[in-house]
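A.B. asks: After the structure tokens below, expect a handful of questions from me.
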Amino acid sequence: MQNEEHYNEEILPCVPDLSRTALRLARGTALADDLVQETLSRAWQARASFRPGTNARAWTHRILFNTYINHYRKKKREREVLDELRSTRRVSVRDAHEGFSDEVAAALRGLRPEFREAVELVDLRDLSYQDAADQLACPVGTVMSRLHRGRKRLRRALGGYALDQGILRSAA
């Protein structure tokens, strides 16, 4: 299948079948469309290895399955790396607590975990809202809400301490 005419005759009729199979594999239209597109691209690149008259459907489906498997393995590796990064980052955030006074560290520990994580990521590690949202696997608005609530609770918990230390002045 050396030219575009043979490609169009043999491979393009397989597209509806490929789309159905990709939808079944990916369980989502966006990934399925990407899989079909990648399959057609790889089929075009490997057109010299296809022998006209053989089973084009089987050939394209093998390319589709291999593409899906490669995608799945790549996502698995990415998840493993992200999990490893998250575990090392949690340790580094704890190290950052070492410089705090006992009162501040206790106030941070007293926060609910979702509020504490938002405060640690944005305020202590200087991550952007988007980066914190990516790390926490939640929307940016949720990070902003948790951060607001966490800061508010810290302010309440540390108000007296801040007055004692001269960080804040009394409103009198």
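No lab work stands behind these numbers, since they all come straight from the coordinates. Since this is a predicted model, take the numbers as computed values, not measurements. Quick reminder, even Gly has a Cβ in these numbers, built from the backbone with ideal geometry, and neighbours come from all protein chains shown.
A.B. asks: At 7 Å along Cα-to-Cβ for each site, give me the label-to-label distance between VAL15 and GLU103 in nm.
C.D. replies: In this crude spin-label approximation the distance works out to 7.0 nm.
A.B. asks: Calculate the FRET efficiency for ASP33 and MET144 from the Cβ-Cβ distance with a Förster distance of 45 Å, rounded to the nearest 0.05.
C.D. replies: That gives a FRET efficiency of 0.90.
A.B. asks: Still on this structure: With a Förster radius of 22 Å, plug the Cβ-Cβ distance of LYS152 and ASP126 into 1/(1 + (r/R0)^6) and report the FRET value to the nearest 0.05.
C.D. replies: Details: r = 20 Å, r/R0 = 0.92.
That pair, LYS152 with ASP126, gives E of 0.65.
A.B. asks: One-quarter of the Cα convex hull surface for region 4-77, in nm²?
C.D. replies: Projected over every direction and averaged, the Cα hull of region 4-77 covers 4.8 nm².
A.B. asks: Given the Cα-Cα distance of ASN70 and TRP44 and 0.36 nm per residue of separation, how much length would full extension add, in nm? Present the calculation step by step, with values, prior to reporting the outcome.
C.D. replies: Numbers: separation 26, 0.36 × 26 = 9.36 nm, distance 1.83 nm.
That works out to 7.5 nm of additional length.
A.B. asks: Show that you can apply the helix-only estimate: for the chain, add -39,500 (n - 2.57) for every DSSP H stretch of four or more residues, divide by all residues, and state [θ] at 222 nm to the nearest 500.
C.D. replies: Value at 222 nm, helices only, nearest 500: -24500 deg cm²/dmol.
A.B. asks: Please compute the net charge surrounding ASN55, taking Lys and Arg as +1 and Asp and Glu as -1 over other residues with Cβ under 13 Å from its Cβ.
C.D. replies: With Lys, Arg at +1 and Asp, Glu at -1, the neighbours total +1.
A.B. asks: Tell me, what does the Kirkwood hydrodynamic radius of the chain come to in angstroms if you use every pair of distinct C-alpha atoms? Walk me through the numbers before you get to the answer.
C.D. replies: Working: mean 1/r = 0.0485 Å⁻¹.
With all distinct Cα pairs of the chain included, I get 20.6 Å.
A.B. asks: Place the peptides 121-129, 26-34 in order of packing, highest mean first, counting for every residue the other Cβ atoms within 10 Å and averaging per peptide.
C.D. replies: The packing order, highest mean first, is 121-129, 26-34.
A.B. asks: Expressed in nm to one decimal, what extension gain is obtained for the pair GLU4 and VAL81 from 0.36 nm per residue of sequence separation less their Cα-Cα distance?
C.D. replies: Numbers: separation 77, 0.36 × 77 = 27.72 nm, distance 4.13 nm.
Value of the extension gain: 23.6 nm.
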